[in-house]
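What follows is one structure encoded as structure tokens, with my remarks underneath.
The values are calculated or read from the model by the stated rules, or taken from the named source; none is laboratory data. Owing to the predicted nature of the structure, the values given are computational and were not obtained by experimental measurement. All Cβ positions, even for glycine, are placed from backbone atoms using ideal geometry, and neighbour counts span all protein chains on display.
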Amino acid sequence: MLQMSVNREYGLDAIHAIALSSTERLHHWLGGRWSLLFSHPEDFASHGFEADRWVSCLSEELERLDLAVVASGGSYRRSWVSHVGGRFIPFHEVDELLPGDWHGNPYEHFVTILDADMRARRTIVYAAGTAVPSPIDLAQTAAGLRARGLPRQLAAFCRASSSPRARASRP
């Protein structure tokens, strides 16, 4: 028989963290947002003089489009994924999010667009060491797929971010 004691100082989030599987926790964290799943996020890192500006622009675009970033691998605190508010998941959990019977391997580089139900909508495979698509272009592709999936009359009511920065950038 399983006994569970709950410290009353912890909230519902702490209980969810214990009771839910990692995929369920990710689904809860996404909160209905679409996301971009990066197999090798370091391929997209900008390491130049303008790296901080790049992260800032990417963060603003993700917020404006109401998209999240998920990356496979460990928790790299200095990674651009952490700086844009993304989350890391172990590589062995990525298979649960990939389309059909496709299984990722550590040598295959890809980005998958996940919908609000964490179903793969599109997967872009690229060779390591080649030119990679811009994360901002990928975010706009995801937003376009999401808008096409909604009935036309609801497309104008897509969930937009309510942050002051995002409201200021809307026409």
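For region 118-133, give me each residue that is in contact (Cβ under 8 Å) with a residue 24 or more places away in the chain, out of contact with any His (no Cβ under 7 Å at 6 or more places or on another chain) and not in a strand (DSSP E or B).
Correct list: Val132 only.
Identify the single condition in (1) at pLDDT 90 or above; (2) farther than 13 Å from Met118 by Cβ that Gly31 does not satisfy, given that it satisfies every other one.
(2)
Only residues that are free of Cβ contacts under 8 Å to residues at least 40 places away in the same chain, surrounded by 12 or more Cβ atoms within 10 Å (Cβ to Cβ) and over 14 Å from Val132 (Cβ atoms): list them for region 25-51, please. Lay out the reasoning, then the answer.
Start the filter on region 25-51 by keeping residues that are free of Cβ contacts under 8 Å to residues at least 40 places away in the same chain, which leaves 25, 28, 31, 42, 45-51.
Checking the rest, the ones that are also surrounded by 12 or more Cβ atoms within 10 Å (Cβ to Cβ) come to 25, 28, 42, 45-46, 51.
Within region 25-51, Arg25, His28, Ala51 meet the criteria.
In region 27-49, which residues are more than 11 Å from the chain's Cα centre (by Cα) and hydrophobic (A, V, I, L, M, F, W, C)?
Phe44, Ala45, Phe49
Just to be sure, is Arg64 of a type in the set (Lys, Arg), part of a helix (DSSP H, G or I) and touching a helix residue (DSSP H, G or I) at 6+ places or on another chain (Cβ under 9 Å)? Write out each step before concluding.
On the way: of a type in the set (Lys, Arg): yes; part of a helix (DSSP H, G or I): yes; touching a helix residue (DSSP H, G or I) at 6+ places or on another chain (Cβ under 9 Å): yes.
Yes.
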